[in-house]
1. Expressed in whole Å with the largest first, what are the equivalent ellipsoid semi-axes of the stretch 393-490 derived from the C-alpha gyration tensor as the square root of 5 times each eigenvalue?
2. Mind grabbing the base-10 log of I(q)/I(0) for the chain at q = 0.10, 0.11, 0.13 Å⁻¹? Debye formula, identical points on the C-alpha positions, no solvent, two decimal places.
3. For the stretch 174-230, divide the Cα radius of gyration by the Kirkwood radius and give the resulting Rg/Rh value with two decimals.
4. Taking the solvent-accessible surface of protein heavy atoms with a 1.4 Å probe, what is the per residue accessible area of the chain in Å²?
5. On a 0 to 90 degree scale, rounded to 10, what angle separates helix 177-194 from the longest Cα axis of the chain?
6. What translational diffusion coefficient, to the nearest whole µm²/s, does the stretch 307-371 have by Stokes-Einstein, given a Kirkwood radius computed over alpha-carbon pairs, a temperature of 20 °C and 1.002 mPa s viscosity?
7. Once you order the gyration tensor axes a ≥ b ≥ c over the Cα atoms, which shape class does the stretch 215-334 get: rounded for a/c under 1.5, otherwise prolate or oblate by comparing a/b with b/c?
8. Search the structure for amide H atoms under 5 Å from the amide H of Tyr155, placed 1.01 Å from N in the peptide plane, and list their residues when 5 or more places away or on another chain.
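The values are calculated or read from the model by the stated rules, or taken from the named source; none is laboratory data. Note that the structure is predicted; figures quoted are calculated from it, not measured. Neighbour counts are summed over all protein chains in view; Cβ atoms, including those assigned to glycine, are modelled from backbone coordinates with ideal geometry. Quick note on the areas: whole protein, heavy atoms, side chains included, nothing else; ligands and nucleic acids left out. Shrake-Rupley method; radii C 1.70, N 1.55, O 1.52, S 1.80 Å.
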Amino acid sequence: MPGKFSRRRFAKLAGLSAVAMSATPAKSQKRGAKPKSAPRAAARFPNGFVWGTATSAYQIEGAVLEDGRGSSIWDTFAHQPGKIEDGSNADQANDHFHRYKEDVGLLRELGVKAYRFSVAWPRVFPDGDGAPNPKGLDFYDRLLDELLANGISPYATLYHWDLPQSLQDRFGGWQSGETSRAFANYAGYVAGRLGDRVKTIFTLNECARFVDFGYGAGIDAPGLKLPQAVVNQVRHNAALGHGLAVQAIRAKGRADIKLGPAENIAACVPAIDTPENVRAAEIATREMNAGFLNVILEGKYTDAFLAYAGKDAPKHTADELRIISSPIDFVGLNIYAPQFYVVAAEHAPGFDVLPFPASFPHMNSEWLRIGPETAYWVPRLAAKVWNLDTIYISENGTSAVDQLAPDGKIYDLDRIMYLRNYLAQLQRATAEGVPVRGYFLWSLMDNFEWIYGLEKRFGLYHVDFKTQRRTPKLSASFYRNVVARNGAGA
Ligand code: NOJ
């Protein structure tokens, strides 16, 4: 090697090729002449596409003891030693309860026209049911007014995991239909009070996660490891809570409120794009989501789900299935990572799931495998399987290390890489007519990332949790540019 490519020789070669490159256009093209092929038209999202960001109450609000808020299962859980990786809790979190005006300012800087936040059930009904707290909605009144004054439409989530502790203590939380009914009562109350300003409501956030991780694996609050039959019943009760809430909001709220869940759909992707595999991925989408999305959209548990659950299948009545499948206006999909790469199979129900190789790449969170095509296939398959006409990507984003550079800035190029690629695939879906109407980036700012605490950062704005200082990362500029031009670039 030495001598073959000395530095000098390399510099010479590089210099020569630079000359050659710059000479090429002059030779083949007259000055001022138009290039032969026009540059590719920049890929845009449909007109009126809704760009937003998302957060949730417990992850950002803090002020857990203010204005009569009751405690939630996450307050209890986060205070138990060893449950949160970095030993933190969300007693203060982003102190958004007091800093919401500054935070609405961050939204304005991004140019987004929509903001998805959640209402804390224990602020509104400190015990989950019974008498509402007279001050319970005051904070949200202030937040809504501030959003609307800044031209930002509020998209509210009713349940982002902060179940009132009292419901857990008295009824075992979602183990009981009492909680489903209390949720509906709370939902109707909120819609009645805020429905003059909130026109889009997400009922439950990520049912699949809070049921399986909270009641099955003991990873999330309330930290229970219950038998599968009980877990299936918990999921059924959550679906029932969703359906009862839809009915209560329609009854008490205004007619123009649009409703749907925000679900971490089991994301199925054809491993290789062939007609057989695509069909298999459709079947997988229906079956792998049989316990929640499919039952609320189809009004029945699939045969395969019931056969697989056997004696552990949830007990249910025909009337409950009717309530669960009350008509909704949209489906919100939280899309982060491919979950199942699928191929066609001869045997019932018609698909096989491939194992992930150990070398499959992931982002800073280990579960966050990188599969940009998920943002294309998942909405496409969901729209096909359930004949949907309105889908929101209710969450998408990534954590990153987000180190401060010597100049004090945060060059989160990995987050930009992730977002650019997912958004390009989402644009591919909308260009083909998949009815995705909006996108909510998780998250506006770093916040309390549940069991991972404060050090898994998902924000476009960095938050110093000691000083509460918010600093835009490079990805905030990236997203501002996406919003401004209604496209992600290639
Ligand atoms: C989904 C959850 O809804 C949200 O609360 C969480 O922070 C993000 N995923 C990132 O894990």
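1. Working: eigenvalues 136, 45, 22 Å².
After diagonalising the Cα gyration tensor, the semi-axes are 26, 15, 11 Å.
2. -0.77, -0.92, -1.28
3. Values: Rg = 14.2 Å, Rh = 13.0 Å.
Dividing the radius of gyration by the Kirkwood radius yields 1.10.
4. Values: 21240 Å² over 490 residues.
For the chain, the per-residue accessible area is 43 Å².
5. For 177-194 against the chain, the angle is about 70 degrees.
6. Values: Rh = 16.1 Å.
For these conditions, the coefficient is 133 µm²/s.
7. On the way: a/c = 1.65, a/b = 1.16, b/c = 1.42.
Oblate.
8. For Tyr155, the qualifying residues are Tyr115, Arg116, Phe117.
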